[in-house]
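*Asks:* Dropping a structure here in structure tokens format, bear with me for questions.
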Amino acid sequence: MSAEPAAKPRDRSSTAIGTTRFDFQHKVFSVPDAHFRLDRVRGMVEFRLSLGGMLASVPLNSLCQTFDIASDSDDAKLLRMVEKGLKFVKEIRPGDSIPNEVLDGTASWKIDSQHHDMARSRLIVQLVAWLTGSQSGLADASEALVAIEQPEIKEKINTAFEEAAAKLGFGKDGKQKITDMIDQLAREMAYIEALREKIGGFLGIEKKLKMLAYNFRGDRSIGESIIRIQTLTGPPLNALRQRFTMVDGQTTEIIAALKKLGTTIDFVRATRDHLREAVLLWEDIAESWTDASLERGEQSEQLIAQTYRFAATNFAVGQRWTLNVG
């Protein structure tokens, strides 16, 4: 049985209005500082603009009625794309490019070449593990960069590609086909590696909170705030860990992943987009923690208070953190 072909990206020209930019026509979109933002707490998109020197905002769902924009106009169609686009960028201004995620499923943000190298190396190590019947057991993608240079791995790589080609119905001479498929999957997984690095900093906040709890021992008020933060942020952070586990699981069974490459890529992209949303939510508060002092004092008290406000605002008690990536 041959492998499933990779999913074809959507043609950009097939968008609702055949454009790749938010080129609005109504004059309201040309006023100073006009832009769209997603209120992630209320789940509401707002159109913000400056009127007479004052900042005003209009909910997206009432924008057409407020400014008499016809529901079947190109502007109305673009407004529907704004709501989708704000899952992937912090703000959208008239004239901005429509995020690639909305147009063809690819990512609209940049990554470093090292993330691609990590992803490709991990896939190759997993392919060799399949050949030898062993478990790769790589806890860190960076370990794969070292592993593929080891003589015992290098000597098996060529054979692994040939055997995979035969397994997937390409024949022994289909090694180039496997190489192309690995490269294609690596390009998608590279974004997961970049997100893993970024979100690793968010997960590190948990350890820092424990250190602050120890340093503030005896201070009941601060201690209770830290416990509250841990209670509120624990479930969403665990959900992020589980997303990485799930997407890693999709590629650990490398032959199955290649056999249904289109389905695998769809899953990787859906996971990528969920994780990207988490980055947009967390990155500002995470930046405050990057070089923060963990010593007992006013600075750390302010950081705890800031984090408590962030957690209480964004993570309601009893909120369900699902792993649905459809």
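*Asks:* Rounded to a whole number, what is D in µm²/s for the chain from Stokes-Einstein with the Kirkwood radius over alpha-carbon pairs (20 °C, 1.002 mPa s)?
*Replies:* Stokes-Einstein gives a translational diffusion coefficient of 94 µm²/s.
*Asks:* Here is a follow-up. Quote the FRET efficiency, to the nearest 0.05, computed for GLU295 versus GLN230 with a Förster distance R0 of 22 Å and r equal to the Cβ-Cβ distance.
*Replies:* E(calc), rounded to 0.05, equals 0.65.
*Asks:* Take the Cα of LYS208, step 7 Å along the line toward its Cβ, and report every residue of region 256-298 whose backbone nitrogen sits under 14 Å from that point.
*Replies:* Within reach of a label on LYS208, which here means backbone N under 14 Å from a point 7 Å along Cα→Cβ, region 256-298 contributes 282-296.
*Asks:* Between SER288 and ALA70, take the C-beta separation as r, use R0 = 56 Å, and let me know the FRET efficiency to the nearest 0.05.
*Replies:* Values: r = 44 Å, r/R0 = 0.79.
E between SER288 and ALA70, to the nearest 0.05, is 0.80.
*Asks:* Rounding to the nearest 20 debye, state how big the charge dipole of region 145-210 is about its Cα centre with +1 on each Lys and Arg Cβ and -1 on each Asp and Glu Cβ.
*Replies:* Details: 12 positive and 12 negative charges, 77 e Å.
With only Lys, Arg, Asp and Glu charged at Cβ, the dipole is about 360 debye.
*Asks:* Relative contact order, percent, of region 12-103 when contacts are C-alpha pairs under 8 Å separated by at least 6 residues? Intermediate results must be reported in sequence, preceding the final value.
*Replies:* Numbers: 130 pairs, mean separation 31.9, N = 92.
Normalised by residue count, the contact order of region 12-103 is 35 percent.
*Asks:* Given the peptides 155-164, 97-106, 288-297, arrange them by the average over their residues of other C-beta atoms within 10 Å, most packed first. Present the calculation step by step, with values, prior to reporting the outcome.
*Replies:* Details: 155-164: 17.0, 97-106: 18.7, 288-297: 13.2.
Top of the packing list down: 97-106, 155-164, 288-297.
*Asks:* Using alpha carbons only, how many angstrom separate the centre of region 63-124 from the centre of region 205-219?
*Replies:* 39 Å
*Asks:* Compute the Cα gyration tensor for region 36-99, then decide on rounded, prolate or oblate, letting a ≥ b ≥ c be the square roots of its eigenvalues: rounded whenever a/c is under 1.5, prolate when a/b is larger than b/c in the other cases, and oblate in all that remain.
*Replies:* Taking the square roots of the gyration eigenvalues as a ≥ b ≥ c, region 36-99 is rounded.
*Asks:* Out of all DSSP beta bridges with both ends in the chain, state the antiparallel percent to the nearest 5. Each step should come with its number before you reach the end.
*Replies:* Numbers: 14 of 15 bridges.
So the antiparallel bridges amount to about 95 percent of the total.
*Asks:* Follow-up question, since we're still on this one. Quickly rank 75-84, 30-39 as a protection proxy: mean count of other C-beta atoms within 10 Å, highest first.
*Replies:* Descending packing order for the listed peptides: 75-84, 30-39.
*Asks:* Quick one: of LYS90/LYS177; LYS87/LYS177; LYS90/LYS208, which pairs are farther than 29 Å apart, Cα to Cα?
*Replies:* Pairs exceeding the cut-off: LYS90/LYS177; LYS87/LYS177.
*Asks:* If you build the Cα gyration tensor of region 176-317 and take the root of 5 times each eigenvalue, what three semi-axes come out, in whole angstrom, biggest first?
*Replies:* 38, 13, 12
*Asks:* How do 187-193, 45-51 rank on mean C-beta neighbours within 10 Å, highest first?
*Replies:* 187-193, 45-51
*Asks:* Using just the helices of the chain, give the 222 nm mean residue ellipticity in deg cm²/dmol: DSSP H runs with n ≥ 4 each add -39,500 (n - 2.57), and the total is spread over all residues, rounded to 500. Walk me through the numbers on the way to the answer.
*Replies:* Working: 11 runs with 191 residues, N = 326.
Only helices count here, giving -19500 deg cm²/dmol.
Every read-out reported here was derived from the displayed coordinates using simple, explicitly stated rules and does not represent laboratory data. Model, not experiment: these values are computed from the prediction. Backbone-built Cβ (ideal geometry, glycine too); neighbour counts: all protein chains shown.
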